[in-house]
Amino acid sequence: MKTTESQSPLLTLPGAVAAEGVDAGVAAHYGDLFREQRALTDGRGFVDLSHRGVLTVEGPERLTWLHLLLTQHVSELPAGQATEALVLSANGHVEHHLSLVDDGTTTWLHVEPGTCEALAGYLESMKFFYRVEVVDRTAEYAVVHLPAGSITPTPEGAAVRETPDGRDVFLPRTDLAAFAEAAGPAIGLLALEALRVEAQRPRLGFETDHRAIPHEVGWLASAVHLDKGCYRGQETVARVHNLGKPPRRLVFLHLDGSEVHLPPHGAPLRLATDGPDSRVLGFVTTSARHHELGPIALGLIKRNVPVDAPLLAEETAAAQEVVVAP
């Protein structure tokens, strides 16, 4: 069940600059970040996501079984319909984020780099007497992303997860180079991340930490079904939704464009009126340079911070927009 970590063969393409950190193994960009963003916006090119983990679940009871474990309603998921789901701890904290689709015989999942082995282990431990088989397919299959509006044909027989943002295609790793030649131009992960920040979509390990609950980052709308039956952590989801408010909230930040330096993940957020040595109220989760909006970011701050308060991200001025209402 162990994930095989390796560099993508597409890092040999002209101009490729390798990503770092959790996204190591694929290209951050291919030489022109803004051109690559514009290409994605226009529906051209593809993004190599072959560093992500791939799992399959097979067996006649796969959807019924997954329905018991995930935050999403999947027991009657139609073939070809994309969805996303979470695995929570007993206390309702987010442990895993799954992007999934069922092709009628197999459920295909792709997950954050470095999380596949732990997720597979958890799923294996919950099989009991259900007729399901969980397989880590990361060594065999890679994920590529085609943007919305792309006219690139999907390879015959490939599992495809189609959303309003584009198509995630599960390819045999041996076909990755040939696909790149046919589907180019290759676009780096930084371009996709900039568009993700613009769209205010959270990412596990970036917008979340060990304390995060789904309500804080807006996942109730896309990854949690509030009317389904019991699953691990469901009590916390229901209690906070019905009786309270999450302690933190996700915000979108317009950063001062005169600054050369982008505040990194974890950079403290403070009230601008209180200065750079004042009390920390949150942190930057992802920052990016956008081809139209300039420097932007997402951040997680305390719920009671006024929604119109100007902020400081380290020493960079930041104007906030509400993503999750206080």
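The values are calculated or read from the model by the stated rules, or taken from the named source; none is laboratory data. Remember, it's a predicted structure, so these values are computed and weren't measured experimentally. With ideal geometry, Cβ positions are generated from the backbone for all residues, glycine too; neighbour counts draw on all protein chains shown. Surface areas here come from the heavy atoms of the whole protein model, side chains and all, with no ligands, DNA or RNA. Shrake-Rupley method; radii C 1.70, N 1.55, O 1.52, S 1.80 Å.
Among the residues of the range 95-110, not a single one is touching a helix residue (DSSP H, G or I) at 6+ places or on another chain (Cβ under 8 Å), outside any strand (DSSP E or B) and either under 16 Å from ARG62 (Cβ atoms) or touching a residue at least 40 places away in the same chain (Cβ under 8 Å) (or both). Let me confirm something: among ARG167, ARG161, which residue is modelled with pLDDT of 95 or more, under 20 Å from the mean Cα position of the chain (by Cα), over 23 Å from ALA24 (Cα atoms) and crowded, with 18+ Cβ neighbours inside 10 Å? Within the list ARG167, ARG161, the selection yields ARG161. Can you find even one residue in the range 54-76 that is open to solvent by 10 Å² or more (accessible area, probe 1.4 Å), at pLDDT 95 or above, closer than 27 Å to ALA182 by Cβ and not polar (S, T, N, Q)? The answer is no, given that none of the residues of the range 54-76 is open to solvent by 10 Å² or more (accessible area, probe 1.4 Å), at pLDDT 95 or above, closer than 27 Å to ALA182 by Cβ and not polar (S, T, N, Q). Taking the range 292-318, which residues are within 18 Å of ASP277 (Cβ to Cβ) and aliphatic (A, V, I, L, M)? If the condition is that a residue be within 18 Å of ASP277 (Cβ to Cβ) and aliphatic (A, V, I, L, M), then ILE301, VAL305, ALA309, LEU311, LEU312, ALA313, ALA317, ALA318 are the ones that fit. Pairs meeting the criteria (first residue in the range 301-325 and among the small types (Gly, Ala, Ser), second residue in a loop (DSSP other than H, G, I, E, B) and buried (at least 19 other Cβ atoms within 10 Å of the Cβ), beta carbons under 6 Å, at least 6 apart or on different chains) are ALA313/PRO263; ALA313/ALA267.
Note on the range 210-234: residues that are buried (at least 16 other Cβ atoms within 10 Å of the Cβ) and over 12 Å from the mean Cα position of the chain (by Cα) total 14. No other residue among LEU189, LEU195 is in contact (Cβ under 8 Å) with a residue 12 or more places away in the chain, more than 16 Å from VAL26 (Cα to Cα), open to solvent by less than 40 Å² (accessible area, probe 1.4 Å) and within 15 Å of the chain's Cα centre (by Cα) apart from LEU195.
Would you pick out the residues in the range 235-279 that are of a type in the set (A, V, I, L, M) and either surrounded by fewer than 12 Cβ atoms within 10 Å (Cβ to Cβ) or assigned to a strand (DSSP E or B) (or both)?
If the condition is that a residue be of a type in the set (A, V, I, L, M) and either surrounded by fewer than 12 Cβ atoms within 10 Å (Cβ to Cβ) or assigned to a strand (DSSP E or B) (or both), then LEU243, LEU250, VAL251, LEU253, LEU255, VAL260, LEU269, LEU271 are the ones that fit.
Among the residues of the range 292-326, those identified as under 26 Å from ALA39 (Cβ atoms) and open to solvent by less than 40 Å² (accessible area, probe 1.4 Å) are GLY294, PRO295, ILE296, ALA297, LEU298. Annotation note: Cβ proximity below 6 Å between a residue of the range 240-268 that is touching a residue at least 12 places away in the same chain (Cβ under 8 Å) and more than 17 Å from VAL324 (Cβ to Cβ) and a residue that is β-branched (Val, Ile, Thr) and surrounded by fewer than 18 Cβ atoms within 10 Å (Cβ to Cβ) (sequence gap 6+ or interchain) occurs for PRO268/VAL280.
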